[in-house]
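What follows is a set of notes on a single structure, which appears directly below.
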Amino acid sequence: MADSSDFYQEQRGTGPGTAVQPTVSEIKQGFAAGPAAEPAPKLFQPLTIRGLTLKNRLAMSPMCMYSSHDGFATDFHLVHAGQYALRGVGLVVMEASGVAPEGRITPNCLGIWKDEHIPKLQQIVDFAHTNKAAIGIQLAHAGR
C-alpha cells in the first residue's frame, strides 16, 4: 500500500494560513482585486528566522494540558497540537515537557526523558510538517 500521509494535504494545495495571489478568473469576476493590490498583511507573510522559514507569523504558544500518563503523549496531544497545524498556524509549540520525571510540574505533564516517548511525539511532528507547520517543544524542569 502506498504511503498516504500526505493525501489530504495534496488535495488542499497550499492550505489555510497561506497568503495566495488571486486567480485571473477571480479578478475578472470581481471577487478579488488585481495584481496591483496591496501585499498580504504582515501576519500572513512568511517569516525567516535563521534557517527556519515559517509560512506565516501565527504561532501557538505552549499550553500545559496535564493529559499524559508517565510523560507519554497520546492521541489527545496529536489532535490538540494537530488542529492548529491543520488550520494554518505557522508555528506550533508543544507544551512544557519534563526532561526528568522528578522535574515535572504535575504527574500528568508531558515528558521527553526516555526514548519510549519519541514515537508518539514523532507522529505529532510528522503531522505538523505534513500541514506545512513548524513545530517545537518547550523543555521544562520544575526544580525539584
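The values are calculated or read from the model by the stated rules, or taken from the named source; none is laboratory data. None of these values were measured; they are calculated from a predicted model. All Cβ positions, glycine included, derive from the backbone under ideal geometry; neighbour counts span all protein chains shown. Just the protein is used for accessible areas: all its heavy atoms, side chains included, with ligands, DNA and RNA removed. Shrake-Rupley method; radii C 1.70, N 1.55, O 1.52, S 1.80 Å.
In the list ARG50, ARG87, which residue meets the criterion of being out of contact with any helix residue (DSSP H, G or I) (no Cβ under 8 Å at 6 or more places or on another chain), open to solvent by 60 Å² or more (accessible area, probe 1.4 Å) and either among the aliphatic types (A, V, I, L, M) or farther than 30 Å from PRO22 by Cβ (or both)?
On the way: ARG87 fails: either among the aliphatic types (A, V, I, L, M) or farther than 30 Å from PRO22 by Cβ (or both).
Just one listed residue meets the conditions, ARG50.
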Exercise for the section: Kindly establish whether ALA128 is of a type in the set (A, V, I, L, M), over 9 Å from the mean Cα position of the chain (by Cα) and closer than 19 Å to SER61 by Cβ. Expected result: no
Exercise for the section: Scan the stretch 123-134 and give yes if some residue there is among the basic types (Lys, Arg) and touching a residue at least 24 places away in the same chain (Cβ under 8 Å), otherwise no. Expected result: yes
Completion exercise
Among residues of the stretch 104-144 being modelled with pLDDT of 95 or more and small (Gly, Ala, Ser), the residue surrounded by the most Cβ atoms within 10 Å (Cβ to Cβ) is ALA133
Handout entry: Hits in the stretch 22-47 - residues which are at pLDDT below 75, surrounded by 11 or more Cβ atoms within 10 Å (Cβ to Cβ) and not in a helix (DSSP H, G or I)
Key = PRO22, THR23, ALA32, ALA33, ALA37
Exercise for the section: Identify the single condition in (1) farther than 28 Å from LEU43 by Cα; (2) touching a strand residue (DSSP E or B) at 6+ places or on another chain (Cβ under 9 Å) that LYS114 does not satisfy, given that it satisfies every other one. Expected result: (2)
Exercise for the section: Could you tell me whether the stretch 66-83 includes any residue that is of a type in the set (Phe, Trp, Tyr), modelled with pLDDT of 95 or more and within 17 Å of PRO16 (Cα to Cα)? Expected result: no
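Here is a list: ALA142, ALA96. Which entry is in a loop (DSSP other than H, G, I, E, B) and hydrophobic (A, V, I, L, M, F, W, C)? Steps first, please.
Working: ALA96 fails: in a loop (DSSP other than H, G, I, E, B).
Step by step, each of ALA142, ALA96 is checked, and only ALA142 is in a loop (DSSP other than H, G, I, E, B) and hydrophobic (A, V, I, L, M, F, W, C).
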Exercise for the section: Restricting attention to the stretch 68-84, report how many residues are surrounded by 16 or more Cβ atoms within 10 Å (Cβ to Cβ) and either free of Cβ contacts under 8 Å to residues at least 12 places away in the same chain or assigned to a loop (DSSP other than H, G, I, E, B) (or both). Expected result: 3
